[in-house]
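Notes for the one structure printed next.
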Amino acid sequence: MSELTQVPERDLFAVIGRGITKSFDNLRVLQDMPVNIPRGVTYCLLGPNGSGKTTLMRVIMGLVKLESGDIYILDEPLSRINIVYPRLGYMPQQRPLYPDLTVLENLEFYAGLYGIRGQERIRRIDEVLRVVDLPETKNRITGMLSGGMYQRISLACTLINSPDLLLLDEPTVGVDPVTKQSFWGYFRELTKEGKTVVITTHIMEEAERCDMVGFMRNGRMLAESSPDKLKEFAGLKKQLRMKVADPEGKMAKLVGEGLEVRIEGDILFVDVSDTSKMMEVLDQVKPMDFKVIEPTLESAFLKLAI
Ligand SMILES: Nc1ncnc2c1ncn2[C@@H]1O[C@H](COP(=O)(O)OP(=O)(O)O)[C@@H](O)[C@H]1O
Ligand SMILES: [Mg+2]
């Protein structure tokens, strides 16, 4: 019996896996990996190129056969993926649409894959085009769309069956900042409806916007956590950047109190554990100007990855 059959809260996860292992030829692409994706969140698989993100998504979709390991998707084992398939939406990394077809024809094709026909099909197509804000593109040739529009139509196709779990492989690559912003808006809306949105990226700022991050490297899961918890776990603190008169004297005083302080000209950088400590330091130093610097996810990962 597998380890996961014993997990009582398994149904709280959109995806839960243990010991996920996969090789292509002699190359170990996923190595004894766990994965824990709670329902109703945005979850980011973050890692450099070649770390196995796409392969993991394809495993979750049942497109790649596992060597060993155990996964449940929407509380069904991978062997019964066909049962949950109608509740999944997958947007592959490579351009997934037929370039010669119109937007409407592409949407009809995707609807057909899920057995959506007749009035329901018309209704769903109108709805997903509204979601991505492109109702006027129906009769455009897909291959002629701009990069950002193409990605939005790809997302619309992925939404056609109103999936509970969306797997989006690098959905924001090649899209303009405005479209990127609207994608994050859609993702938030979807999670509000209880849907789970999994995306892959190698861009830290994108990961930072997700509820949870799975940090992958060389086919291993190095950490799974919320961005804030990860920073806490890495021991990173907020910093106060203060412009002060008599920087040396003020620095000596703060160091004497056991604080970590760095100096650059008349600017002091002080690590602070919480808001009350921050207020205390500000009150004491009375800076001419100050700014709070939040720790970045990148610095947390760098610290944890060493
Ligand atoms: N079908 C395949 N056959 C052989 N090697 C593959 C195949 N798919 C992926 N790989 C290899 O697996 C590794 C991980 O690839 P991938 O999952 O695409 O990583 P990522 O999406 O993180 O960039 C890479 O070294 C890639 O070349
Ligand atoms: Mg990839």
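A few comments on the model shown:
- By the Cβ rule of 4.7 Å, the chain holds the following cysteines without a possible disulfide partner: Cys157.
- Part-to-part distance (alpha-carbon centres) for the range 182-217 and the range 235-256, which is given in Å: 36 Å
- Qualifying aspartates and glutamates (Cα of each under 20 Å from Cα of Lys253; at least 8 residues distant if same chain): Glu264, Asp266, Asp271, Asp274, Glu280, Asp283, Asp289
- Computed about the Cα centre, the dipole magnitude for the range 1-106 is approximately 140 debye when only Lys and Arg (+1) and Asp and Glu (-1) carry charge, each at its Cβ.
- For the chain, a crude dipole built from +1 on the beta carbon of Lys and Arg and -1 on the beta carbon of Asp and Glu, taken about the Cα centre, is about 520 debye to the nearest 20.
- Relative contact order (%) - the range 111-252, alpha-carbon pairs under 8 angstrom, separation at least six: 16 percent
- Antiparallel DSSP beta bridges within the chain, percent to nearest 5: 70 percent
- The GNM of the chain, with springs linking C-alpha atoms under 10 angstrom apart, assigns the highest mean-square fluctuation among Glu120, Glu224, Glu105 to Glu120.
- Positive-end extreme of charge dipole, the chain - chosen from Leu88, Ile16, Val197 (charges on Cβ): Leu88
- Taken per residue, the accessible surface of the range 214-305 reaches 58 Å², heavy atoms only and a 1.4 Å probe.
- Cross-link pairs Lys53/Lys231; Lys229/Lys286; Lys195/Lys291; Lys180/Lys231; Lys277/Lys303; Lys195/Lys277 - those with Cα-Cα distance over 28 Å: Lys229/Lys286; Lys195/Lys291; Lys195/Lys277
- List Met221, Met288, Met57, Met144, ordered by accessible area with a 1.4 Å probe, largest first: Met144, Met288, Met221, Met57
- A 1.4 Å probe run over the protein chains yields, for the range 40-111, 44 Å² of accessible area per residue, whole-number rounding.
- Dipole moment magnitude, nearest 20 debye, the range 253-304 about Cα centre, only Lys, Arg, Asp, Glu C-beta charged: 60 debye
- When a 1.4 Å probe is rolled over the protein heavy atoms, the share of accessible surface on the range 3-225 that falls to carbon and sulfur comes to 50 percent.
- With K and R counted +1 and D and E -1, the other residues having a Cβ less than 15 Å from that of Leu282 yield a net charge of +2.
The values are calculated or read from the model by the stated rules, or taken from the named source; none is laboratory data. Owing to the predicted nature of the structure, the values given are computational and were not obtained by experimental measurement. Positions of Cβ are generated from backbone atoms using ideal geometry, with glycine treated the same way; all protein chains shown enter the neighbour counts. All accessible areas refer to the heavy atoms of the entire protein, side chains included, with ligands and DNA or RNA removed. Shrake-Rupley method; radii C 1.70, N 1.55, O 1.52, S 1.80 Å.
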